[in-house]
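Have a look at the structure below, then the notes.
Quick note: the coordinates plus some simple rules give every number you see, no bench work behind them. It should be emphasised that the depicted structure is a prediction, and the values quoted were computed from it without experimental measurement. Backbone-built Cβ (ideal geometry, glycine too); neighbour counts: all protein chains shown.
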Amino acid sequence: MKVLVVCYSRTGTTKIVGEAIAKELGADFDQIIDLKKRTGLPPIRFLIAGRDAMRKRKTEIKFERSAADYDLIIIGTPVWAGNITPAVRTYLGIQNLEGKKVAFFYTDGLGTEKLIDEMKKLVPKSVFVGALGIPAKEVKAGVHLEKIKSFVSSLSK
Ligand SMILES: Cc1cc2nc3c(=O)[nH]c(=O)nc-3n(C[C@H](O)[C@H](O)[C@H](O)COP(=O)(O)O)c2cc1C
């Protein structure tokens, strides 16, 4: 089974998790780039980012790998204002994930079942196989690997 791990990451936390999942699975890794500048100018860009996520806005993105080449696509996002980031919302809309197995992961966030439900709804013709949420503070403390291992083993069952 060919597996792609792909995520958006503004400050690197979600990328650390994505790369660790990819390493554990021997999968390819790709990053979604938001072409709208999201860093610098604090707090303005932070507020705009949260507002864009809350309003369920899409954005311009780029990425390297096509989901068409994979059987399982594991898609990751940071939580922004309790929502999926615009970059990942856009990705789910433009990649054809019909009939593909999908799993989701996110960093940070409490009560984020809503976020996973929404991601599922954005790709209704995919086969959902699992989700993982990791607090950013666990990633920063370097204690995220156990959760990643158990997520990965749940996917292969
Ligand atoms: C605009 C913005 C909004 C955020 N909103 C939330 C939130 O609603 N809940 C939460 O737990 N974390 C929130 N965060 C924190 C991020 O989800 C968290 O730091 C995440 O791990 C960052 O991932 P990254 O380093 O891959 O960008 C927010 C961060 C940003 C930049």
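Worth pointing out:
- Checked against the criterion of being surrounded by 14 or more Cβ atoms within 10 Å (Cβ to Cβ), free of Cβ contacts under 8 Å to residues at least 40 places away in the same chain and within 16 Å of the ligand (Cβ to nearest atom), the candidates G109, G130 yield just one match: G109.
- Just one of (1) free of Cβ contacts under 8 Å to residues at least 40 places away in the same chain; (2) out of contact with any strand residue (DSSP E or B) (no Cβ under 9 Å at 6 or more places or on another chain); (3) more than 10 Å from the ligand (Cβ to nearest atom) fails for K149. It is (1).
- Screening K125 with (1) farther than 23 Å from R55 by Cα; (2) out of contact with any helix residue (DSSP H, G or I) (no Cβ under 9 Å at 6 or more places or on another chain); (3) outside any loop (DSSP other than H, G, I, E, B) gives one miss only, at (3).
- Tabulated pairs, region 57-76, first within 17 Å of K36 (Cα to Cα) and free of Cβ contacts under 8 Å to residues at least 60 places away in the same chain, second among the basic types (K, R) and surrounded by 12 or more Cβ atoms within 10 Å (Cβ to Cβ), C-beta under 6 angstrom, 6+ apart or interchain: K58/R89; T59/K36
- If only residues of region 125-139 that are in contact with an Asp or Glu (Cβ under 9 Å, 6 or more places away or on another chain) and not aliphatic (A, V, I, L, M) are counted, the one that is farthest from Y91 (Cα to Cα) is K137.
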